[in-house]
Amino acid sequence: MKIFVWGTGRLAGKVIEKYVDLNSIEGFVDNNRDKKEYMGKKVIAPEELLYLEYDAVLVANLFSQEIHKQCEDLGIELRKVIFLYENYVLYDFNTNYEFLCHILGNEYANIVKNRYHVVRGVEEQEKLCLSEWKKQVHSYQENDYVRMKCFELVVKEIHKNIRGGVIAEAGVFRGEFAQFLNYAFPDRTLYLFDTFDGFGIEESVKEVENGNCTNAFVEAYKQTNIEIVLSKMKYPQNVIIKQGLFPGSLNGLEENFAFVSLDMDFEESIYEGLKYFYPRLLDGGYIFVHDYTSSLRGVEAAVERFENDKKIRMCKVPLCDVNGTLVITK
């Protein structure tokens with residue numbers, strides 16, 4: 001059986017290391033023409049599929065909507081394309097689950113089929129903070145509707161109830177979520193904490209050894225830098241970059257926070273983030289902890305550890321979004 005995987009990032013790595021044998025993969029597909037090899041296999045451009053024989057293409061990234069259209073435009077046979085992610089959008093790109101079972105086996109096909117099917121539970125009766133920023137927000141919101149709508153409603157509450165306080169994100173990667181923080185709070189300073197060069201070596205080794213993530217996941221998060229992040233900001237003058245391993249990157253910073261996004265993926269970093277930010281969170285402020293109910297099990301462990309160490313129970317609500325964001329408030 002000849003199978004191609006469309007994607008060369010963390011999700012492709014996760015699929016290979018957990019669900020699909022690398023030996024069964026003929027090669028990888030990517031729109032980045034500079035990529036020639038991934039996991040020892042050749043990387044081809046999408047249009048090359050038109051001239052090759054294959055049984056299936058597994059789309060292992062978060063751009064299923066765009067790739068679905070690209071396949072239509074190029075004339076790639078969609079009946080042979082399986083979308084492993086983004087089944088949590090408003091409709092499912094996959095329709096032939098017998099084909100999924102044939103290619104992936106029943107167990108993994110059922111995971112794909114039942115992963116996420118979100119029903120719209122929030123339709124605003126008024127314009128929210130991202131309503132006018134349709135081009136930038138559309139794709140992200142289609143992928144993670146629950147998280148984005150909850151964020152917009154939280155922003156409304158903060159603007160209504162809190163005059164002071166700055167904004168922060170710890171764990172920025174390429175600025176996908178940070179751009180919305182910057183846009184939603186145009187009159188507040190945004191602190192961005194990240195190495196902008198991947199995870200810390202010691203912590204990533206520990207998380208891989210504990211089975212909380214894969215080596216491919218760690219490798220994928222090296223693909224960023226400060227310039228990429230700042231290029232996404234509508235109000236870059238409001239952004240203060242705090243580069244380095246957290247909490248060492250604080251360098252004595254003392255602020256009060258109205259909103260914080262913790263997206264550092266690993267237990268020790270999330271724990272340190274809660275230690276610093278929670279005591280400095282203003283009444284009525286919010287912390288979003290990303291990946292709380294995902295396969296990154298250290299995140300939930302960090303929250304439980306923080307509460308036990310401090311002998312408190314925070315006011316918190318888990319969301320049913322893509323990676324299980326935990327909302328904490330005071």
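Step by step: first the residues of region 220-242, then only those that are buried (at least 16 other Cβ atoms within 10 Å of the Cβ) and within 17 Å of the chain's Cα centre (by Cα), then the one that is modelled with the lowest pLDDT. Which residue is that? By that ranking, first place goes to Ala220.
Confirm whether Leu22 is out of contact with any Asp or Glu (no Cβ under 6 Å at 6 or more places or on another chain), modelled with pLDDT under 95 and crowded, with 19+ Cβ neighbours inside 10 Å.
Working: out of contact with any Asp or Glu (no Cβ under 6 Å at 6 or more places or on another chain): yes; modelled with pLDDT under 95: yes; crowded, with 19+ Cβ neighbours inside 10 Å: no.
Against the criterion (out of contact with any Asp or Glu (no Cβ under 6 Å at 6 or more places or on another chain), modelled with pLDDT under 95 and crowded, with 19+ Cβ neighbours inside 10 Å), Leu22 does not qualify.
Taken over region 216-260, the criterion of being touching a Lys or Arg at 6+ places or on another chain (Cβ under 6 Å) and of a type outside the set (Gly, Ala, Ser) is satisfied by Phe217, Thr224, Ile228, Asn256, Phe257. If you go through region 150-171 and keep only what is on the phi > 0 side of the Ramachandran plot and touching a strand residue (DSSP E or B) at 6+ places or on another chain (Cβ under 6 Å), you end up with just Gly165. Looking at region 251-262, can you tell me whether even one residue there is over 27 Å from His159 (Cβ atoms), buried (at least 18 other Cβ atoms within 10 Å of the Cβ) and without any contact (Cβ under 8 Å) to a residue 24 or more places away in the chain? Taking every residue of region 251-262 in turn, none turns out to be over 27 Å from His159 (Cβ atoms), buried (at least 18 other Cβ atoms within 10 Å of the Cβ) and without any contact (Cβ under 8 Å) to a residue 24 or more places away in the chain. Residues in region 27-38 that are modelled with pLDDT under 95 and buried (at least 16 other Cβ atoms within 10 Å of the Cβ): Tyr38 only.
What's the number of the condition Val59 fails, among (1) closer than 23 Å to Phe173 by Cα; (2) among the hydrophobic types (A, V, I, L, M, F, W, C); (3) touching a residue at least 60 places away in the same chain (Cβ under 8 Å)? Condition not satisfied by Val59: (3).
If the condition is being crowded, with 24+ Cβ neighbours inside 10 Å and either under 19 Å from Glu272 (Cβ atoms) or of a type in the set (Gly, Ala, Ser) (or both), then region 171-186 contributes Gly171, Val172, Ala178. If you check Asp34 against the conditions, is it free of Cβ contacts under 8 Å to residues at least 40 places away in the same chain, over 18 Å from Leu100 (Cα atoms) and among the acidic types (Asp, Glu)? Judged against the criteria, Asp34 is a match.
Could you tell me whether Gly165 is farther than 17 Å from Gln237 by Cβ and assigned by TED's automatic domain parsing to the domain that holds Lys275?
Values: farther than 17 Å from Gln237 by Cβ: yes; assigned by TED's automatic domain parsing to the domain that holds Lys275: yes.
Yes.
The values are calculated or read from the model by the stated rules, or taken from the named source; none is laboratory data. None of the values given here were measured: they were computed from a predicted structure. Methodologically, a virtual Cβ is constructed for each residue, glycine included, from the backbone with ideal geometry; neighbour enumeration extends over all protein chains shown.
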